[in-house]
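The values are calculated or read from the model by the stated rules, or taken from the named source; none is laboratory data. In this text, all values refer to a predicted model and were calculated from it rather than measured experimentally. A quick note on method: Cβ atoms are made from the backbone with ideal geometry, for glycine too, and the neighbour counts reach across all protein chains shown. With ligands, DNA and RNA removed, areas are computed over all heavy atoms of the protein, side chains included. Shrake-Rupley method; radii C 1.70, N 1.55, O 1.52, S 1.80 Å.
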Amino acid sequence: MSSRQRQRASSRAPRTNAPPRSPAPTGLAAPPNPRRIAAYLSLAVLGAAVAIAGTLVQDALFPGGLLLALAASGGLFLGGRLLTGTQLGALAPAVGWFIAVIVLLSGRPEGDYVFGDEIGLTLFMLGGMAVAVMCATMSRLSNSATDTGRPGA
């Protein structure tokens, strides 16, 4: 074996005296990503907007408006989960949605509030929270669920 061949063989061999590498931090230990933070804040604002729109629609077109409002909320929660790939992606719009609904429930000093009747209020609140929990706790999607079907895309 020539010296050049020995040098190539030794460069491919693993180093035994190298210090062990620690794995890259993930989750909450990872350094903050500004794009992800902006995405979560945007999702929370969208959640508040969907809650305001859903509040108005669910009372005006009961019971079809209630179903439309819950479908919009579920679409946003699931879209946030798929967009970010994390449970926090579904919880960020849910937090914005919940805060907006609570603010709308607080009413005015005169006693008026946005919701028209108690059954619509109860179904919108419980239904929205149930949809948020379902989207946040669903299992991870397989790659085939997010695959476009096009190779190389």
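Details
- Count of residues meeting criterion [modelled with pLDDT under 90 and open to solvent by 50 Å² or more (accessible area, probe 1.4 Å)] in region 83-110: 10
- For the criterion of being closer than 23 Å to Q87 by Cα, in a helix (DSSP H, G or I) and in contact (Cβ under 8 Å) with a residue 12 or more places away in the chain, A38 fails.
- Residue list for region 45-75, filter: under 12 Å from the mean Cα position of the chain (by Cα) and open to solvent by 30 Å² or more (accessible area, probe 1.4 Å): L46, G75
- Members of region 58-72 found to be within 15 Å of V131 (Cβ to Cβ) and aliphatic (A, V, I, L, M), listed by number: L66, L67, L68, A69, L70, A71, A72
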